[in-house]
Amino acid sequence: MTTLVENATDAAEAAVRPLDRRRKGRRPSGWHLVLAPIALLFAIPFAQMFLAALSPAAELIQYPPPFIPSRLDLGGFTGLFGETDVLRWMVNTMLVSASAIVSHLVLCSLAGYGFARLRFRGRTFGIFAIIGTIMIPTQLLMIPTYILFSRLGLVDGLGAAIVPWLASAFGIFLMRQFFLSIPGELEEAGRIDGANRWQVFWHVVLPLAKPALATLAIFTLLSSWNDLVWPLIAINDEDAFTLQLGLANFQSTRRTQWELLMAGNVVATLPLILFFLFAQKQFVATMTLSGMKG
Amino acid sequence: MTIRERRRNAPAGTRSTRPGSRIARLKDDLGGWLFVAPATILVLGLSVFPAVWAFLLSLQEWDGFSEPEFIGGGNYSELLTDEDFFAAAQHTGLYTALFVPMSVLAGLFLAVALNRKIRFIGLYRTAIFVPFVASAAATGILSTYLFSPQYGLVNNVLRSLGLPTQGWLEDQAQAMLVIAIMSLWGQAAFTTVLYLAALQDVPAELMEAATLDGASRWQRFWQVVWPQLAPVTVFTAIWQTIGAIQLFDLVYTTTRGGPLDATKTIVYYLWEKAFRSLEFGYGSAVAYVLFGLTLLVTIGVVVYSRRRGTEAF
């Protein structure tokens, strides 16, 4: 029996299969002529970002500016860390993402397991209600959630950025599908050995769920790290800004300081780029399952 | 034995080992809810409850401070004659018409191109997939610089080719196109991965049979592979359309709706109404119209594809 997660992992494996060594004596494929320019085109924006972040400020507003700077200059980064609160925003973003990931992994796997495996009244209603909420667009929730958060006093701290990411319908659904796919005999064996529900969940089931948990963690990292809408509507206090909100704000306050803007961009994006390069397969599996960007 | 009891005694899952006991049953209920309640309360509390509240708000006129006034369908009938709203709907439509076909075709093309074992293929894939991690704020800054009329790389290339430079994000007619191109840069990975997965599932026997029948490579693709990909095409088209009619982030981080409102989308309009003019009631009505639109698109495409016999869901 294949499952959502296994399917996605298979697809991911197919998508990032290690490159095959070309056999000797065969002529190179004509597809290189198509793929190389496209890959280059896709690489340009990030290349521009790194190069501009390391450019002397004057060269970026030169006419025309060189794509490759004449010398490396860390002025963008010193300006960024010296003149702005970017360090604080980075800590804020890390706090948001860390609490989102921990909370997602704990709450969604508990709920996913409950809905997949335990028998209790209200289970069917609960799972249908949760799947139904996937259809509700964020935009519909912005106004009441803002009012709710401001009444709860969350809008002047990090709370507004954290609370929306503590759990998600997608996360519950993903974990439920995963738990439905593992054979029940393992749990029965655990029960016969005298373990209670919690022990079975913790010692038997959860260790099996690592691939699904990795997918969920990446999904949560990407969406909470990159989120702009919630911080934008619900954080007024500059001390509670996230990196994304700070960056978006730079665009109006530091419009002409391109080296600084690009350095900020590097700081906000490089962690995810590195993470992607190290865990490409898991990222692609996550992409297949969600398509959460948009 | 009642139906419920019979269901309970069916051999599935973890349940109490003492059938028929009322207390055991309550224990099961409590135990189950202990597992699911925290996440369920959070998810429903932050979606169903605000969704209902938004509907009540859409029937009111309220600025967040003074006494809310119940006006029934007033906000909705005002929307019908709101020229700014229709302009925003048009801009959203333009973006959707640009972005959705582009992203579906790009996904298909890139998947076909990447679906082979040649040298450097890992490098090509990585280059095309990495932009997926770029946030709207990062993409916004990059777009503003790359397409800057004065310093931008794009105009530089045009200049060195002897072609006329363009206004891009500062040009009313081109701004939306730039936003669509940069969205595509960040999201091509998603449609590509979906198509790649589907391409791997095309049965090899079908391809062999077509080859034996003398079909050319081109014919094999359009006659054999393309029909097999139909469910993915329907799915990505719906998914990308829903995303496109909800465009907000990238507009906020590039043009803020400009120049001259040319990129003001429905959600941007909603955001402005709600969080700039503090018209919470009117903003909620816009949100409900958007929700209705999303449902219509989804149902429309699903019904259409069912009629044509394509099972996407």
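The values are calculated or read from the model by the stated rules, or taken from the named source; none is laboratory data. Just so you know, these numbers come straight off a predicted model, no measurement behind them. Every residue, glycine among them, receives a Cβ derived from its backbone with ideal geometry; neighbour counts consider all protein chains shown. When the accessible area is computed, the model is the full protein with side chains, heavy atoms only, and any ligands, DNA or RNA have been set aside. Shrake-Rupley method; radii C 1.70, N 1.55, O 1.52, S 1.80 Å.
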_Tell me yes or no: at least one residue of segment A:133-145 is closer than 25 Å to residue A:222 by Cα, open to solvent by less than 20 Å² (accessible area, probe 1.4 Å) and more than 10 Å from chain B (Cβ to nearest Cβ)._
no
*From (1) without any contact (Cβ under 8 Å) to a residue 60 or more places away in the chain; (2) open to solvent by 30 Å² or more (accessible area, probe 1.4 Å); (3) of a type in the set (A, V, I, L, M, F, W, C), pick out the condition that doesn't hold for residue B:289.*
(1)
*In segment A:200-211, how many are open to solvent by less than 50 Å² (accessible area, probe 1.4 Å) and closer than 27 Å to residue A:134 by Cβ?*
4
*asked:* Can you tell me which condition residue A:124 does not meet? The list is (1) open to solvent by 50 Å² or more (accessible area, probe 1.4 Å); (2) among the polar types (S, T, N, Q); (3) in contact (Cβ under 8 Å) with a residue 12 or more places away in the chain, and all the others hold.
replied: (3)
*Condition met for residue A:88 (within 18 Å of residue A:242 (Cβ to Cβ) and open to solvent by 70 Å² or more (accessible area, probe 1.4 Å))*: yes
*Has segment A:71-80 got at least one residue that is open to solvent by 90 Å² or more (accessible area, probe 1.4 Å) and in contact with a helix residue (DSSP H, G or I) (Cβ under 8 Å, 6 or more places away or on another chain)?*
no
*Restricting attention to segment B:258-277, and to residues there that are more than 10 Å from chain A (Cβ to nearest Cβ) and under 20 Å from residue A:234 (Cα atoms), which single residue is surrounded by the fewest Cβ atoms within 10 Å (Cβ to Cβ)?*
B:276
*asked:* Please go through segment B:147-182 and give me each residue that is of a type in the set (Gly, Ala, Ser) and either within 12 Å of chain A (Cβ to nearest Cβ) or in contact with a Lys or Arg (Cβ under 8 Å, 6 or more places away or on another chain) (or both), ordered by number.
replied: B:148, B:152, B:160
*Set B:87, B:54, B:12: member being within 14 Å of chain A (Cβ to nearest Cβ), at pLDDT 90 or above and either loosely packed, with under 15 Cβ neighbours inside 10 Å or under 37 Å from the mean Cα position of the chain (by Cα) (or both)*: B:54
*Do we find a residue being at pLDDT 90 or above, under 29 Å from residue B:45 (Cβ atoms) and touching a His at 6+ places or on another chain (Cβ under 9 Å) anywhere in segment A:170-183?*
yes
*asked:* Quick check on my filter: what residues within segment B:126-136 are open to solvent by less than 10 Å² (accessible area, probe 1.4 Å) and part of a helix (DSSP H, G or I)?
replied: B:128, B:129, B:131, B:132, B:133
*Could you check how many residues of segment A:156-199 are open to solvent by less than 50 Å² (accessible area, probe 1.4 Å) and either in contact with a Lys or Arg (Cβ under 8 Å, 6 or more places away or on another chain) or in a loop (DSSP other than H, G, I, E, B) (or both)?*
10
*Run down B:154, B:178 and say which single residue is at pLDDT below 95 and under 26 Å from residue A:268 (Cα atoms).*
B:154
*Search segment B:239-256 for residues that are over 23 Å from residue B:147 (Cα atoms) and pair each with any residue that is among the small types (Gly, Ala, Ser) when their beta-carbon atoms are under 6 Å apart and the residues are at least 6 apart or on different chains.*
B:239/A:291; B:240/B:103; B:243/A:294
*Which numbered condition residue A:136 misses (of (1) in a helix (DSSP H, G or I); (2) closer than 30 Å to residue B:297 by Cβ)*: (1)
*Can you pull out the residues in segment A:250-281 that are modelled with pLDDT under 90, assigned to a helix (DSSP H, G or I), touching a helix residue (DSSP H, G or I) at 6+ places or on another chain (Cβ under 9 Å) and open to solvent by 50 Å² or more (accessible area, probe 1.4 Å)?*
A:281
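One line per residue, one yes/no per condition, for (1) charged (D, E, K, R); (2) on the phi < 0 side of the Ramachandran plot; (3) within 11 Å of chain B (Cβ to nearest Cβ):
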{"position": "A:196", "(1), (2), (3)": "no, yes, yes"}
{"position": "A:199", "(1), (2), (3)": "no, yes, no"}
{"position": "A:219", "(1), (2), (3)": "no, yes, no"}
{"position": "A:230", "(1), (2), (3)": "no, yes, yes"}
{"position": "A:239", "(1), (2), (3)": "yes, yes, no"}
{"position": "A:246", "(1), (2), (3)": "no, yes, yes"}
{"position": "A:268", "(1), (2), (3)": "no, yes, yes"}
*What are the residues in segment A:33-54 that are more than 11 Å from every other protein chain (Cβ to nearest Cβ) and among the polar types (S, T, N, Q), if any?*
none
*Select from segment B:164-209 the residues that are under 19 Å from the mean Cα position of the chain (by Cα) and surrounded by fewer than 21 Cβ atoms within 10 Å (Cβ to Cβ) and list them in ascending order.*
B:177, B:181, B:184
*State all residues of segment A:57-70 that are in contact (Cβ under 8 Å) with a residue 12 or more places away in the chain, open to solvent by 50 Å² or more (accessible area, probe 1.4 Å), over 31 Å from the mean Cα position of the chain (by Cα) and more than 9 Å from chain B (Cβ to nearest Cβ); if no residue qualifies, say none.*
A:70
_Which condition from (1) of a type in the set (A, V, I, L, M); (2) within 30 Å of residue A:234 (Cα to Cα); (3) surrounded by 22 or more Cβ atoms within 10 Å (Cβ to Cβ) is the one that residue B:232 breaks?_
(2)
*Would you mention how many residues in segment A:87-137 are among the polar types (S, T, N, Q) and closer than 30 Å to residue A:267 by Cβ?*
5
*From the set of residues in segment A:91-121 that are without any contact (Cβ under 8 Å) to a residue 12 or more places away in the chain and under 26 Å from residue A:211 (Cα atoms), which is least open to solvent (accessible area, probe 1.4 Å)?*
A:114
*Has segment B:290-300 got at least one residue that is outside any loop (DSSP other than H, G, I, E, B), over 26 Å from residue B:253 (Cβ atoms), among the β-branched types (Val, Ile, Thr) and not assigned by TED's automatic domain parsing to the domain that holds residue B:59?*
yes
